[in-house]
Amino acid sequence: MSATPDAASVKRFAERRARFLDAIGPGVAVFPAAPVFIRNNDVEHSYRQDSDFHYLTGFEEPESVLVLTNRHPEHRAILFVRPRNKEREIWDGPRAGVEGAVEHFGVDAAFTLDELPEKLPDYLADVDRLHAAVGQGHPFEQTLFEALRALRGRARRGVAAPTEIVDPAKALHEMRLRKDEAEVALMRRAAELTRDAHVEAMKVAAPGRHEYEVDAEMARIFRLGGSARPAYDSIVGSGPNATILHYRANDRRMEEGDLLLIDAGCELDYYAADVTRTFPVSGSFTPPQRALYELCLRSQLAAIEAVKPGATLDDVHDAAVKVIAAGLIELGLLEGPLEKCIEEQTYRAFFMHKTSHWLGMDVHDVGAYFVRGEPRPLEPGFVLTIEPGIYVGVDADVDEKWRGIGIRIEDDVLVTEDGHRNLTEDIPKDPDEIEALMKG
C-alpha cells in the first residue's frame, strides 16, 4: 500500500492538480502509474512509481490511473486503483482500495481498475482536447485507444470524442521544473544523506579494498537514512575506471596511488541528489593528480558563480570550459591559444560532456532546455547540477604522468532570487580538507 501522506502533503498534491488543470484549460488529462517490469522469469524489478503520477497524487501503487478533468460537474480528480483483495494482500501487502484512495489521497472519486474501460469514455465525452502521453509503449495506451474508439461509436447519439491529443508534459513538466519550498527542503534532506555517504566513502576507501565495498557502504548509509533507493546506479571508479564517464562494474581492486571517482546520490521521498567527488584512495594526491584536481575545482567554482536568474546553461558551461581549457594549455596537455582551443573545441579530448542538467524527482529531470530555439534563462526555483570533469585516457597522447587520471566534481545548485545556493556545498571537495579527512 502507498504510504499514507500527511495532511500537508495531501493539500500540496491537490494544489498541484488544480494548477495543472488551470494551465491546460478546458480538457481532460490521464496519467497511468508506472508499469511493473519483469526482471527474469517471474521475478519483478523493484517498483518505483512514475514521477509525474507521484507528483500529482503521492500514490505509490501500480496498476492505477489518474484522470483529471475540469469538464465534469462533480469530479476533478479520479483514481482508478486495484481493488482490496485479502488473498493478494497476504502475499504483497495492503492496498488502499477505492475507499483509501478517496479518504487518504484527497481525490474526488475512485473506482476499481476493472471499471476503467466502462467509465473512461464517460469522462472523455464531449471534450475537445485530451492530454495524454502516447507513443511510449505503455500498456495503458491500448486501454486509452479502446476508450476513444468506444466514444467515437456514440457519434450518432450526439456524443463527441476528443479531436486533439496533447502531451501533458508541456504544462506539467514546467511545473516540476520550478521547485517550491517543500521540494527544496526534500532535496536538501537528500543532499544531507548523500553527504554522509560520501564522507563515509572517503573514510573506508583504501588500497586493497574493492570498489564494490565502498559502493556497499554508501548504500548502507542511504538505507539507514530512510532512502528507499539510490537516485541512480552508483559510479565507483578507481584508477583508469575514473576516466569512464558512466562506469558501472564497480568491481576493481583499488591500488596505491589511485584516484577514486564516486558519482552517487540517494533518492529521498522521490527527490534525487546527484553528487560526484574524486579523492586519492591512499589519502594524498600525487602532484599531477592535485594539479588536475585543483583545475577541475576552479572550473566548477567558476561555473557555480555563473548561476543566477537570467543566465543560461550555456553561460554556466562556458564558464567551466574557459577555466579548464586555459589550465590544460598551461599544464601542457593542450596547445593554445585559448580562443582557438575553445573555438575548435580541442578541450573536448579531456572534457567531453556538458556541465549541467536539471535535477528533481528524476536525476535527469524534466523541463525544456530551450525556449523557441534559444537556451532558456534560469529562473528562481530551478535546480541544476554543476559537474565539470577532466578525463585523461590511459592511451592519451600526453606526458605519461597525466595518463589514467579521471576527475569529476559535482554539486546540486538551486537558482535563487539573488543568485544561487549550493545544496551540497558541505560535502568535502577542497583537496586539503579531503586529505585531512582521510588521514583522520
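The values are calculated or read from the model by the stated rules, or taken from the named source; none is laboratory data. This structure is a prediction, so every number in the text was calculated from the model and none was measured. For neighbour counting, all protein chains shown are included, and Cβ atoms are generated from backbone atoms with ideal geometry for every residue, glycine included.
Summary of values
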| read-out | value |
| --- | --- |
| Exclusive hit being under 18 Å from residue 8 (Cβ atoms), modelled with pLDDT of 95 or more, over 15 Å from the mean Cα position of the chain (by Cα) and acidic (Asp, Glu), set 200, 181 | 181 |
| Candidate set from the stretch 96-119 (those that are touching a Ser or Thr at 6+ places or on another chain (Cβ under 9 Å) and part of a loop (DSSP other than H, G, I, E, B)); member that is farthest from residue 155 (Cα to Cα) | 96 |
| Residue, farthest from the chain's Cα centre (by Cα), within the stretch 259-280, restricted to residues that are crowded, with 23+ Cβ neighbours inside 10 Å and assigned to a loop (DSSP other than H, G, I, E, B) | 265 |
| Among the residues listed as 22, 6, 42, the single one being more than 21 Å from residue 64 (Cβ to Cβ) and at pLDDT below 95 | 42 |
| Residue ID - surrounded by the fewest Cβ atoms within 10 Å (Cβ to Cβ), chosen from residues in the stretch 176-189 that are of a type in the set (Lys, Arg) and in a helix (DSSP H, G or I) | 188 |
| Residue among 408, 421 that alone is surrounded by 17 or more Cβ atoms within 10 Å (Cβ to Cβ) and either modelled with pLDDT of 95 or more or in contact with a helix residue (DSSP H, G or I) (Cβ under 9 Å, 6 or more places away or on another chain) (or both) | 408 |
| Candidates 17, 71 - the one that is surrounded by fewer than 19 Cβ atoms within 10 Å (Cβ to Cβ), touching a strand residue (DSSP E or B) at 6+ places or on another chain (Cβ under 8 Å) and in the same structural domain as residue 144 (by TED's automatic domain parsing) | 71 |
| Conditions (1) touching a Pro at 6+ places or on another chain (Cβ under 8 Å); (2) under 19 Å from residue 230 (Cα atoms); (3) in a loop (DSSP other than H, G, I, E, B): number failed by residue 52 | (3) |
| Some residue of the stretch 239-247 being surrounded by fewer than 23 Cβ atoms within 10 Å (Cβ to Cβ) and under 12 Å from the mean Cα position of the chain (by Cα) | no |
| Matching residues, the stretch 193-235, being assigned to a loop (DSSP other than H, G, I, E, B) and either more than 22 Å from residue 362 (Cβ to Cβ) or among the β-branched types (Val, Ile, Thr) (or both) | 205, 206, 207, 208, 209 |
| Filtered residues of the stretch 120-142 (kept if assigned to a helix (DSSP H, G or I) and either acidic (Asp, Glu) or surrounded by fewer than 18 Cβ atoms within 10 Å (Cβ to Cβ) (or both)) | 122, 141, 142 |
| Residue match in the stretch 343-352 (condition: of a type outside the set (Asp, Glu), closer than 30 Å to residue 50 by Cβ and in the same structural domain as residue 291 (by TED's automatic domain parsing)) | no |
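Condition check ((1) farther than 19 Å from residue 75 by Cβ; (2) touching a Gly at 6+ places or on another chain (Cβ under 7 Å); (3) free of Cβ contacts under 8 Å to residues at least 60 places away in the same chain) across all residues:
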position	(1), (2), (3)
132	no, no, no
142	yes, no, yes
147	no, no, yes
156	yes, no, yes
160	yes, no, yes
170	yes, no, yes
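Results for (1) surrounded by fewer than 20 Cβ atoms within 10 Å (Cβ to Cβ); (2) closer than 22 Å to residue 270 by Cβ, shown as yes or no for each residue.
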{"site": "147", "(1), (2)": "no, no"}
{"site": "150", "(1), (2)": "yes, no"}
{"site": "191", "(1), (2)": "no, yes"}
{"site": "200", "(1), (2)": "yes, no"}
{"site": "215", "(1), (2)": "no, no"}
